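The values are calculated or read from the model by the stated rules, or taken from the named source; none is laboratory data. No experiment lies behind these values; they were computed from the predicted model shown. Heads up, the Cβs are rebuilt from the backbone with ideal geometry, glycines too, and the neighbour counts pull from every protein chain shown. Accessible surface areas use protein heavy atoms only, side chains included; no ligands, DNA or RNA. Shrake-Rupley method; radii C 1.70, N 1.55, O 1.52, S 1.80 Å.
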Amino acid sequence: MPFCEAPNDENSSDPALNNTIQIFYRTYGRGPTKVLLIIGLAGTHDSWGPQIKGLTGTDRANEGETIAGDGKPDGAGNDGGRGVEVCAFDNRGMGRSSVPTRKSQYTTEIMAKDAIAVLDHLGWKKAHVFGHSMGAMIACKLAVMVPDRVLSLALLNVTGGGFECFPKFDRQTLSIAIRFLRAKTPEQRAAVDLDTHYTKEYLDECVGSNTRRSILYQEYVKGITATGMQSNLGFDGQVNACWTHKMTGTEIELIRTSGFLVSIIHGRQDVIAQVSHAKRLAEKLQPVARMVELHGGHMVSHERTEEVNQALLDLIKASEKKINPQDWTNFLKRSSGKYSTTTLKSFPSKLTYNDLQADNVVYSLVRVVTSKTGYFI
């Protein structure tokens, strides 16, 4: 099994883990272009399945395992012919990686060190770094810590952490949160996950004789049953990482001036991470950032796979060509010197996708509220 040993802070060492943190990873494809994928809360490396296939041309891991609907190995790896090698890994507290027992062992800075350890383990001096949700927060911290190792930065469905993790509280979101808390079976969990991750239009779309909702529901039930639920220790720890995350003005300025391009990709209908927070971050990163808004939910990477993959490939190509930031950004510079964003057209996707394990920050937000206020729903 491919594992990387991550550094463990002596002040937060965990005897239960023999003071070592093991990070499980997979690589896909082969070539000079390196891409590090960092998944979000409660997600595993295979949640990046549609992007792995889109970037490398293959879904077979180099160690001989495939991202399959049942999560089982299938055959030997290949290079996909794209010249891109991707690494995706399970964050601490999830999947096959170590599960530290203390919340203090989960911060975006510590988890960024895990990601850097993976780069070191692979011998990658530089890489394009792409993160989703909590993974995007981790990616930001990595970019601050080792900006010279970042070729480009893609932030999908990102927020600034802390109170920005809270969704816009309306009847729909509150209903989803309550249903999630009450879900005790894979069937109940799958039903609420679909409403959390995707737009209603996408779920109601007909695929043959069935709706996409019914197809995804069966896949979710199968995936949740096969992988099981995240442990309370891992979940609470990753929630702590989101809650304590913060990007200072100095850190944002460092990213803005480090010489790499940034793409911020977000679903307009995301009920978990509000798009306004992502826009605000993109404005602060001008002129090196491009804002890509798509019609989709929190799992826009699955709902609008073709558009997301194209945005990521565009970022890689622009970085390789060393495009001027002024030619990269889609923000318009006003006479005042400030920037305003333009609107990007999105196109409907007709593909179907598997979702083996994905983010569910709604649950984490409710947990944070109840733990901080003492109120329980």
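Observations on the structure shown:
- Here's how it looks for residue 271: its modeled amide H is under 5 Å from those of 298, which are all 5 or more places away or on a different chain.
- The phi torsions of the range 323-328, fed into the Karplus equation with coefficients 6.51, -1.76 and 1.60 and a -60° offset, translate into couplings of 5, 4, x, 5, 8, 8 Hz, rounded to whole numbers, with Gly and Pro shown as x.
- Cross-link pairs beyond the 30 Å C-alpha cut-off, checked among 34/246; 222/246; 34/103; 113/317: 222/246; 34/103
- For the range 140-258, the Cα-based Rg and Dmax, in that order, read 18.4, 54 Å.
- The range 165-217: Cα Rg divided by the 2.2 N^0.38 Å rule of thumb: 1.23
- Whole-number Å³ per residue for the convex hull built on Cα positions in the range 247-311: 80
- Estimated vicinal HN-Hα couplings, Hz - the range 134-148 in sequence order (Karplus 6.51, -1.76, 1.60; Gly, Pro = x): 4, x, 6, 5, 4, 4, 4, 5, 4, 5, 6, 6, 9, x, 6
- Normalised by the number of residues in the range 225-305, the mean separation of alpha-carbon contacts (under 8 Å, six or more apart) gives a relative contact order of 29 percent.
- Taking a point 7 Å out from the Cα of residue 322 in the direction of its Cβ, the residues of the range 277-297 whose backbone N falls within less than 20 Å of it are 287-289.
- Among 34, 113, the sequence by solvent-accessible area, most first, with a 1.4 Å probe is 113, 34.
- Once the convex hull of all Cα atoms in the range 211-278 is built, its volume per residue stands at 165 Å³.
- Mean separation of Cα contacts under 8 Å (6+ apart) over length of the range 103-244, as relative contact order %: 29
- Residue (of 295, 258, 310) at the positive-pole extreme of the range 199-312, dipole from beta-carbon charges: 258
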